[in-house]
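Peer 1: One structure, pasted below without further comment.
The values are calculated or read from the model by the stated rules, or taken from the named source; none is laboratory data. Note that this is a predicted model, so its numbers are computed, not measured. As a convention, Cβ positions derive from the backbone with ideal geometry for all residues, glycine included, and neighbour counts pool all protein chains shown. Note: areas computed on protein heavy atoms with side chains; ligands, DNA, RNA excluded. Shrake-Rupley method; radii C 1.70, N 1.55, O 1.52, S 1.80 Å.
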Amino acid sequence: MGLYSPPKSEAEFQKNFGQKKPLMNQTEAFYESSRCLFCYDAPCMNACPTHIDVPLFIKQIHTGNVIGAAETIFEANWLGNACGVVCPTTELCEGSCVYDNQHVPVIQIGRLQNFATSKAMAEDAKLFSAGESNGKKVAIIGAGPAGLSCACELRTLGYEVDIFEAKSKPSGLTVYGIAPYKITNEEVLDEIDYLQKQLGFTIHYNTAITTKAQLENLENNYDAIFLGVGIGATRQLGLEGEDKEGVIGAVEFIEELRMKHHEVQVPENVVVIGGGNTAIDAASESAKMGAKQVSLVYRRDRERMGAYNFEYDFAISTGVDSVFNATPVEILGNGKATGVKFIKTEVVDGKLSNIEGSEFLIECNLVIKATGQAKQGAFLSLIDDLELDKKSRITVHPETYQTTNPKYFAGGDAVNGGAEVVNGAYEGKMAARGMHGMLVDS
Amino acid sequence: MPDLSINFAGIKSPNPFWLASAPPTNSGYQVMKAFEAGWGGAVWKTLGVPVINVSSRYGSVNYRGTRMAGFNNIELITDRTLSDNLKEIEEVKKYFPDHAVIASLMVESKKEWEQIIKDAENAGADGLELNFGCPHGMCERGMGSAVGQEPEVLKTIVTWAKEFATVPVITKLTPNISHIIDPGLAAVEGGTDALSLINTIKSIVGIDLDSYAPYPVVDGKGTNGGYCGPAVKPIALEMVKELAKHVQIKDTPISGIGGIESWRDVVEFILLGAGSVQVCTAVMHYGFDIVREMEKGLTRFMLDKGYETIEDFRGKALPNVTEWKHLNLKYKVIAEIDESKCIGCDLCYIACDDGAHQAIAIPGNGKGRIPEIIEENCVGCNLCSLVCPVEECITMVRKDDGSASKTWDERTIAGTIPMTFDDERAGGNGHFVPSVADALKHKK
């Protein structure tokens, strides 16, 4: 088995990780845009969390106003370029395209979107500028999609914005956590650069906000604070042998892969534990890194998987094998992982239970746990009066995204528990408007 | 098998598919290729005193993903010498004695007409076509459409041609006039054996937004061209019908030209009276092989309808083309939506609400997107069925009481038509019209 050879160079890595949604050329965009029906109250627009006026931007592409199309997109979604390629479009805009009702291929909205925004970025088209200063300052914690989107919106409204980012690059999981075949690092960073040049927000890299003193400092120096802190590291499973070498969280695995590309060594046999989209990504990536045998093991059946169908199908197409109804018991090996012992599961009276005596072993040298991420509960508890729900998500007002501490607003994974880039982008923007309502408009 | 052959004003051809006088008939090479491909006849690119052409000669109207929905050109008549053209006509006729080769001609003086008609006939031309149509370039020198727009001049030249010609003479008309009967009748009075139309329509297909010059741009400038291609077919059909119905013209054979690309187009022209058709743009777009679809489609149509010859159905639609005042005002159709086919684009809704009679409702508020016809508001205008992107989803169903026809003419005689500005008998009286303020509820 193994459809891919381990990449030994950047070129080989790029070959294995060819983009799933490559940039359209002008002719593709011309014909694809010609097909849009310009539906009334278009379902695609309503299916987009940021409500991009899809029929309008497609018409603009077709009539040769491609930069105008990019403007339409960015006006609704500051991360419109990344979203064009990383969004699960078959579940959102493209999934609602009415053509599908007559089995006509749906419009490739994501790629058209990316076509327009890529052109604007390549030409460095100046579409936006900072609003006249209103003398207010906002601090943003976390330069992920929510934080960046919040920053862009605030700048257009005339706020001074400082983003504090723990890592050395902007855009959070878009650059650190998305499968490399969905978007390249360069493309992610180019978009932020493009926006930053026009809007002029400041990002303080390698500046983690972790202490009460830091927070108090921000509270004293800024009119409002946005929490775009995302969620944390992969949760511990509490398994025997979990501390062995060769056991890694999916989020950490993907981050390493995105930063080091072909320099990451993936062994021949890999086990990925989990059934969500991150598990799928980690499994597909392992296969594309040349692993001969990648086993994706999920404790329930196929129907209960959290992953989108198209993601699962993609993993299978890369050569990943799936094992359902099995849960890990122990990670074996002497210091280094050599395999995982699983036990079969079944649902009895609606509850998942193990089938006694059904243990089996899958040999491997790398175990990737994609079993959910811990929340930022410890950090968030430093903020006075900040209410979290039962799942440790920050409670916010549904329209203003203001938290229970009126100085703080929040959006993105820390609020929604882990969703798409487009959700973060939307929530960040709405939070900015919420702040504006509180600080200036009222 | 149906017989596709025709005898058009004495010109015999194995089928009614002719190439129009245009770039595809510029040389013997092209005409030979065309005959090989299946064309029955060719009207040679207009002969005369050779011209000098510009570079950058064609422009097009592209509609959404479709290239050349409309097409225009500023090319003139042949730029090759008469002797070269004649030599090639002679050669083609040797290879294809049973195909129709018609020489299109355009010269100025009577003497030139005499000479060129003799030359063309000597080369073996089966017929002559007098080019009174070109709306660009040649007309500036008193030829082409300049002749077609002056019935008296046209008639005089037709008379000359008939004086000199021994083969049939076809007069090609320009559509760049307000009343096609005038030149048509002039040609008939001059003794023409047949008519052909339409030549191209005077046009500007677009403006270059950087150089501010019309297409096709020639070194920063442009001029009006002649418009043709699929977009002009409706204008051509109307003019063919006008001539074919006219009492003094209807017995003169008509060669139909204008936007013909498929067998359907061919059949439509024949149904309105055309005895042959001429094609240019479709060949310039797809090459000579496009004729195969026409031939197969026409044959299938004739088989399906039980026609053995073209004459069996020529002009069959003419009795049904009447004046508006003779249309039945009691006839009523209502749109019907096939919900099982509807994809929920709601174009019918917005087209009706914004562009017609507010006769379609949508559920809204996330309750689905299948529209519903409000029958009492529907005037049966067809718009929804035309914008619907799904095949056979919206159909127009007859819903009147089937009682005897009542036309405007009949109502006029009966004295039941509206006579004053506020006449109670206004057709829209009693018909639903939303209140003005209702428009604001749509405001986003």
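Peer 1: Taking the condition of being surrounded by fewer than 18 Cβ atoms within 10 Å (Cβ to Cβ), within 11 Å of chain A (Cβ to nearest Cβ) and at pLDDT 95 or above, how many residues in the stretch B:358-386 meet it?
Peer 2: Residues in the stretch B:358-386 being surrounded by fewer than 18 Cβ atoms within 10 Å (Cβ to Cβ), within 11 Å of chain A (Cβ to nearest Cβ) and at pLDDT 95 or above: 1 in total.
Peer 1: Return the only residue of A:G110, A:G95, A:G135 being over 20 Å from A:A432 (Cα atoms) and open to solvent by 40 Å² or more (accessible area, probe 1.4 Å).
Peer 2: Answer to the check: A:G95.
The rows are residues; the columns are (1) in contact (Cβ under 8 Å) with a residue 60 or more places away in the chain; (2) more than 18 Å from A:F74 (Cβ to Cβ).
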position	(1), (2)
A:S133	no, yes
A:G142	yes, yes
A:G147	yes, no
A:D162	yes, yes
A:K169	no, yes
A:E187	yes, no
A:Q214	no, yes
A:Y222	yes, yes
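Peer 1: Could you run through the stretch A:334-360 and say how many residues are touching a residue at least 24 places away in the same chain (Cβ under 8 Å) and out of contact with any strand residue (DSSP E or B) (no Cβ under 7 Å at 6 or more places or on another chain)? Step through it out loud before you land on a result.
Peer 2: We begin by selecting, within the stretch A:334-360, every residue touching a residue at least 24 places away in the same chain (Cβ under 8 Å); these are A:335-340, A:342, A:345, A:347, A:352, A:354, A:359-360.
With out of contact with any strand residue (DSSP E or B) (no Cβ under 7 Å at 6 or more places or on another chain) added as a condition, the list becomes A:347.
Of the residues in that region, 1 qualify.
Peer 1: Then there's this: Give me a count of the residues in the stretch B:387-407 that are away from every other protein chain (no Cβ under 14 Å) and at pLDDT 95 or above.
Peer 2: Taking the stretch B:387-407 as the starting set, the residues that turn out to be away from every other protein chain (no Cβ under 14 Å) are B:395-407.
Okay, now just the ones that are also at pLDDT 95 or above, so B:395-398, B:407.
Going through the stretch B:387-407 one residue at a time, the tally reaches 5.
Peer 1: Among B:V266, B:V277, which is crowded, with 24+ Cβ neighbours inside 10 Å and assigned to a helix (DSSP H, G or I)?
Peer 2: B:V266
Peer 1: Identify all residues within the stretch A:46-58 that are closer than 16 Å to A:N81 by Cα and open to solvent by 20 Å² or more (accessible area, probe 1.4 Å); write none if there are none.
Peer 2: Here is the first cut: in the stretch A:46-58, the residues closer than 16 Å to A:N81 by Cα are A:48-54, A:57-58.
The answer is A:P49, A:H51, A:D53.
Peer 1: Moving on to the next point. Considering only the stretch B:306-341, how many residues are more than 14 Å from chain A (Cβ to nearest Cβ), in a loop (DSSP other than H, G, I, E, B) and in contact with a helix residue (DSSP H, G or I) (Cβ under 9 Å, 6 or more places away or on another chain)?
Peer 2: Qualifying residue count, the stretch B:306-341: 12.
Peer 1: Out of all the residues in the stretch B:348-357, which are more than 10 Å from every other protein chain (Cβ to nearest Cβ) and either touching a strand residue (DSSP E or B) at 6+ places or on another chain (Cβ under 6 Å) or open to solvent by 40 Å² or more (accessible area, probe 1.4 Å) (or both)?
Peer 2: B:C352, B:G355, B:H357
Peer 1: Exactly one of (1) surrounded by fewer than 21 Cβ atoms within 10 Å (Cβ to Cβ); (2) at pLDDT 95 or above is unmet by A:G306. Its number?
Peer 2: Evaluating A:G306 over (1) surrounded by fewer than 21 Cβ atoms within 10 Å (Cβ to Cβ); (2) at pLDDT 95 or above leaves (2) as the failure.
Peer 1: So, one more: Taking the conditions exactly as written (crowded, with 24+ Cβ neighbours inside 10 Å and of a type in the set (S, T, N, Q)), does B:T159 satisfy them or not?
Peer 2: Taking the combined requirement at face value, the residue does not satisfy it.
Peer 1: While we're on this one: Looking at the stretch B:219-254 only, could you name the residues that are closer than 11 Å to B:G59 by Cα and either open to solvent by 60 Å² or more (accessible area, probe 1.4 Å) or part of a strand (DSSP E or B) (or both)?
Peer 2: Selection gives B:G225, B:G226, B:Y227, B:C228.
Peer 1: Would you check if there is a residue in the stretch B:333-345 being open to solvent by 80 Å² or more (accessible area, probe 1.4 Å), outside the structural domain of B:A20 (by TED's automatic domain parsing) and in contact (Cβ under 8 Å) with a residue 24 or more places away in the chain?
Peer 2: To start, the set of residues in the stretch B:333-345 that are open to solvent by 80 Å² or more (accessible area, probe 1.4 Å) comprises B:336, B:339-340.
Now narrow it down to the ones that are outside the structural domain of B:A20 (by TED's automatic domain parsing): B:336, B:339-340.
Among the residues that remain, those that are also in contact (Cβ under 8 Å) with a residue 24 or more places away in the chain are: B:336, B:339.
The answer is yes; a qualifying residue exists.
Peer 1: Next up: If the requirement is being of a type outside the set (D, E) and in contact with a Pro (Cβ under 6 Å, 6 or more places away or on another chain), which of these qualifies: A:N354, A:N416, A:N423?
Peer 2: None of the other options fit; the residue is A:N423.
Peer 1: Let me ask you something else. Looking only at the stretch A:385-418, filter to residues that are buried (at least 24 other Cβ atoms within 10 Å of the Cβ) and small (G, A, S); which one of those is nearest to A:L227 (Cα to Cα)?
Peer 2: So, considering only residues that are buried (at least 24 other Cβ atoms within 10 Å of the Cβ) and small (G, A, S), the one nearest to A:L227 (Cα to Cα) is A:A410.
Peer 1: Continuing with this model, one more query. For the stretch A:316-406, which strands (runs of 3 or more DSSP E) that fit wholly inside it have 3 or more residues that are of a type in the set (S, T, Y) and touching a His at 6+ places or on another chain (Cβ under 6 Å)?
Peer 2: Here the list is empty.
Peer 1: Also, quick follow-up: If I go through the stretch A:1-33 residue by residue, how many of them are within 14 Å of chain B (Cβ to nearest Cβ) and either among the aliphatic types (A, V, I, L, M) or crowded, with 16+ Cβ neighbours inside 10 Å (or both)?
Peer 2: 4
Peer 1: In the stretch A:88-146, which residues are of a type in the set (F, W, Y) and within 14 Å of another protein chain (Cβ to nearest Cβ)? Step through it out loud before you land on a result.
Peer 2: Initially, the stretch A:88-146 is screened for residues of a type in the set (F, W, Y), giving A:99, A:115, A:128.
Passing the criteria: only A:Y99.
Peer 1: Can you work out which of the residues in the stretch B:284-296 that are open to solvent by 10 Å² or more (accessible area, probe 1.4 Å) and in contact with a helix residue (DSSP H, G or I) (Cβ under 6 Å, 6 or more places away or on another chain) is farthest from B:K33 (Cα to Cα)? Let's see the steps before the verdict.
Peer 2: Kept after step one, since they are open to solvent by 10 Å² or more (accessible area, probe 1.4 Å), are these residues of the stretch B:284-296: B:284-290, B:292-293, B:295-296.
Keeping just the survivors that are in contact with a helix residue (DSSP H, G or I) (Cβ under 6 Å, 6 or more places away or on another chain) gives B:288-290.
Numbers: B:F288: 8, B:D289: 10, B:I290: 12 Å.
My answer is B:I290.
Peer 1: Being touching a Pro at 6+ places or on another chain (Cβ under 8 Å), closer than 30 Å to A:C364 by Cβ and open to solvent by less than 60 Å² (accessible area, probe 1.4 Å) is the filter here; which residues of the stretch A:202-249 pass it?
Peer 2: Those that are touching a Pro at 6+ places or on another chain (Cβ under 8 Å), closer than 30 Å to A:C364 by Cβ and open to solvent by less than 60 Å² (accessible area, probe 1.4 Å): A:L239, A:G246.
For (1) among the small types (G, A, S); (2) over 24 Å from B:P230 (Cα atoms); (3) open to solvent by 60 Å² or more (accessible area, probe 1.4 Å), each residue gets a yes or a no:
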residue	(1), (2), (3)
B:S13	yes, yes, no
B:A22	yes, no, no
B:N26	no, no, no
B:K33	no, no, yes
B:G38	yes, no, no
B:K45	no, no, no
B:V51	no, yes, no
B:Y58	no, no, yes
B:Y63	no, no, yes
